[in-house]
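A.B. asks: Before we start, here is the structure in question, set down as structure tokens.
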Amino acid sequence: STWGLLTHNSLKQNLKEQIERNKGSQSQRGEPMASSPEHQPRAEPRAPHRKPAPVPMWVSTGAAVLGGAIEAVSLQPIDVMKTRLQLEGASSLRSMVARTYAHEGWRAFYKGLGPFSFQLCSKYAVRFYANRAIAESMCSFGLLTRGDGGLSVMGGVVSGLLAGLCEAVFVVTPTERVKTLLQKQRGTDPTQLKYKGPLDCAVQIVRAEGPKALWRGVGPTMFRQGWNQMVLFGSAAPLKKVFYGKERDDEIDPWQSAVLGLVSGALGPLTNNFIDVAKTRLMAQSDTSEGRKYRGMVQTIALVLREEGPAALMRGVTMRVARVAPGMAITFTAVDMVSHSYRVAMGL
């Protein structure tokens with residue numbers, strides 16, 4: 001009917017006017033128009049991930065040396081107890097500490113501090129320098145890299161392994177031989193000791209057995225150091241991602257660096273202590289005659305296993321973890337803090 005048509009047209013006009021008023025009200029308040037695609041909110045583009053600027057090689061290497069010096073002074077007593085436990089097989093750590101203090105005094109806990117300090121500082125210089133140089137070379141040649149050109153997890157494993165082999169041959173083996181013989185000695189009276197100090201020990205070894213004797217135990221030392229650094233640098237990046245959601249080269253807080261170093265540093269000693277026991281037994285020998293008991297890594301491990309049982313191959317593992325893991329926590333923190341301070345100072 002005519003009346004129905006007029007009513008329908010009137011309602012349609014009123015609805016259209018109401019829609020226009022709503023649009024005008026939204027426009028005045030600055031609200032986007034839901035029905036207009038051009039007024040839909042646009043997602044902000046994600047900023048590309050920005051890596052921290054790399055610091056010069058001498059900065060990271062110097063920071064590692066600083067960490068080694070702090071570690072040596074802080075953790076030397078633990079290393080002495082670890083060496084004696086592996087050589088003498090005391091019933092417990094507590095009895096070893098009590099006996100050492102009662103018979104030799106507190107200075108006995110710092111026996112071999114000279115070669116130990118030199119060893120830590122020099123081996124960390126070689127370790128961090130070699131690891132970075134090898135990693136950068138691998139990236140430049142596109143070997144074991146990620147899609148973005150950064151080093152992959154397997155690349156970190158390989159660079160750590162090669163760095164560990166370098167430090168074992170050039171630093172760790174000769175200094176460890178001297179340190180082991182010094183720590184093996186009983187007493188603190190220099191007149192009653194065979195070796196008067198690190199230099200005297202090295203000279204006596206060379207005179208009695210030849211220069212090659214300083215590298216006795218190089219085989220297990222290479223196995224140990226290569227294994228340790230393979231695990232250390234191979235696990236650091238994945239753990240950093242899991243713990244903090246950060247990439248390999250991203251900056252993290254000092255306490256986070258300490259936790260990362262503590263966990264990464266503990267993995268090696270926990271898995272290769274049998275090699276360390278063999279290394280210590282080989283290095284503690286000074287007899288060059290045909291009757292020398294230990295003649296190689298495999299033979300030493302087999303002999304200890306046969307004569308003393310499997311538990312002997314894990315002797316000193318608690319002390320190794322207690323020394324190596326905090327040491328890596330100290331060094332990781334030192335490297336990251338010094339690197340951050342350098343970036344801030346240079347405006348990088």
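A.B. asks: With respect to the numbered conditions (1) open to solvent by 10 Å² or more (accessible area, probe 1.4 Å); (2) among the small types (G, A, S); (3) in contact (Cβ under 8 Å) with a residue 12 or more places away in the chain, which one is the sole condition not fulfilled by G68?
C.D. replies: Evaluating G68 over (1) open to solvent by 10 Å² or more (accessible area, probe 1.4 Å); (2) among the small types (G, A, S); (3) in contact (Cβ under 8 Å) with a residue 12 or more places away in the chain leaves (1) as the failure.
A.B. asks: Of all residues in segment 73-119, which are open to solvent by 40 Å² or more (accessible area, probe 1.4 Å) and either at positive phi or not in a helix (DSSP H, G or I) (or both)?
C.D. replies: Passing the criteria: S91, S92.
A.B. asks: Among the residues of segment 120-138, what is the count of those that are surrounded by fewer than 23 Cβ atoms within 10 Å (Cβ to Cβ) and out of contact with any Leu (no Cβ under 6 Å at 6 or more places or on another chain)?
C.D. replies: 10
A.B. asks: Filter segment 264-291 down to residues that are hydrophobic (A, V, I, L, M, F, W, C) and open to solvent by 50 Å² or more (accessible area, probe 1.4 Å) and give me whichever is nearest to the chain's Cα centre (by Cα). Step through it out loud before you land on a result.
C.D. replies: Filtering segment 264-291 for residues hydrophobic (A, V, I, L, M, F, W, C) gives 266-267, 270, 274-275, 277-278, 282-284.
Going one step further and asking which of them are open to solvent by 50 Å² or more (accessible area, probe 1.4 Å), we end up with 267, 270, 274.
Numbers: L267: 9, L270: 14, F274: 20 Å.
Only one residue tops the list, namely L267.
A.B. asks: Ok, one more. I'm trying to understand the selection: among the residues of segment 235-245, which are part of a helix (DSSP H, G or I) and of a type outside the set (F, W, Y)?
C.D. replies: Quick first cut of segment 235-245, residues part of a helix (DSSP H, G or I) only: 235-244.
Result: S235, A236, A237, P238, L239, K240, K241, V242.
A.B. asks: Give me the pairs, please: first residue somewhere in segment 182-194 and within 18 Å of L87 (Cα to Cα), second residue anywhere and open to solvent by 50 Å² or more (accessible area, probe 1.4 Å) and among the charged types (D, E, K, R), beta-carbon distance under 7 Å, and either six or more positions apart or on two chains.
C.D. replies: Final answer for the pair search is Q185/K194.
A.B. asks: Still on this structure, please answer the following. Out of all the residues in segment 237-257, is one or more closer than 19 Å to G316 by Cα, out of contact with any Leu (no Cβ under 6 Å at 6 or more places or on another chain) and either surrounded by fewer than 21 Cβ atoms within 10 Å (Cβ to Cβ) or hydroxyl-bearing (S, T, Y) (or both)?
C.D. replies: Taking segment 237-257 first, the residues closer than 19 Å to G316 by Cα are none.
There is no residue in segment 237-257 that is closer than 19 Å to G316 by Cα, out of contact with any Leu (no Cβ under 6 Å at 6 or more places or on another chain) and either surrounded by fewer than 21 Cβ atoms within 10 Å (Cβ to Cβ) or hydroxyl-bearing (S, T, Y) (or both).
A.B. asks: Also, quick follow-up: Would you please list the contacts, defined by Cβ atoms under 9 Å and residues six or more apart or on different chains, that run from a residue in segment 197-225 that is in contact (Cβ under 8 Å) with a residue 24 or more places away in the chain and over 24 Å from V324 (Cβ atoms) to a residue that is open to solvent by 60 Å² or more (accessible area, probe 1.4 Å) and part of a helix (DSSP H, G or I)?
C.D. replies: Within 9 Å, the pairs are G197/P190; I205/P211.
A.B. asks: Name the single residue, out of those in segment 292-305 being over 15 Å from T221 (Cα atoms) and of a type in the set (A, V, I, L, M, F, W, C), that is least open to solvent (accessible area, probe 1.4 Å).
C.D. replies: Among those residues, the one meeting the criterion is V304.
The values are calculated or read from the model by the stated rules, or taken from the named source; none is laboratory data. All of these numbers come straight from a predicted model, not from anything done at the bench. Backbone-built Cβ (ideal geometry, glycine too); neighbour counts: all protein chains shown. Only protein heavy atoms, including side chains, enter the accessible area calculation; ligands, DNA and RNA are left aside. Shrake-Rupley method; radii C 1.70, N 1.55, O 1.52, S 1.80 Å.
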